[in-house]
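Here is the structure we will look at.
The values are calculated or read from the model by the stated rules, or taken from the named source; none is laboratory data. Just so we're clear, the structure is a prediction, and the values are computed from it rather than from any experiment. Here the Cβ is made from the backbone with ideal geometry for all residues, glycine too, and neighbour counts use every protein chain on show.
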Amino acid sequence: MATTYSISDLAQEFDLTPRAMRFYEDVGLIQPERSGPGGRQRVYGAGDRTRLKLTLRAKRLGLSLAEAKDIIDMYDSPRDTGPQLRKFLTVLADHKRQLEEQLADLVANLDEVKVHEKEARALLARQARPGARSRAKARTD
């Protein structure tokens, strides 16, 4: 008999809330079978578990859920993996470019913070020198 999982099983394994699991179901990333009265109980299979694992990996890489779904859906097709790998490389290249742009912006911001920090330390050092206050007070008098 194939291994099955409840929504609680997978939510706990992947540190998700049941609500997040239902959201992934709503966007078509996972598709559990239904059982019990009125089909109220979700039953996840090994394929759903794998899709969930791949979805979370894609999220960690910064891919959108739509991008993750496109790539994961290609796994389910009987075709060869060439198109899937090319699509994945394209998505990764776009994401890498975005991250590099963000990194450049962060480095520029960090450099600016360092300049302001240096200026503030210099001002504090001038104020802390003996006689600095009396000279400053003499100028205002």
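Worth pointing out:
- Among residues of the stretch 1-18 being farther than 19 Å from residue 57 by Cα and of a type outside the set (A, V, I, L, M, F, W, C), the one that is surrounded by the most Cβ atoms within 10 Å (Cβ to Cβ) is 5.
- Within the option set 102, 84, 127, being of a type in the set (S, T, N, Q), at pLDDT 90 or above and within 30 Å of residue 29 (Cα to Cα) holds for one residue only, 102.
- Criterion applied to 57, 34 was being free of Cβ contacts under 8 Å to residues at least 12 places away in the same chain and not in a strand (DSSP E or B), and the one residue passing it is 57.
- Residue ID - surrounded by the most Cβ atoms within 10 Å (Cβ to Cβ), chosen from residues in the stretch 50-101 that are closer than 27 Å to residue 21 by Cα and of a type in the set (Lys, Arg): 51
- Filter result for residue 55 (β-branched (Val, Ile, Thr), closer than 27 Å to residue 95 by Cα and outside the structural domain of residue 91 (by TED's automatic domain parsing)): yes
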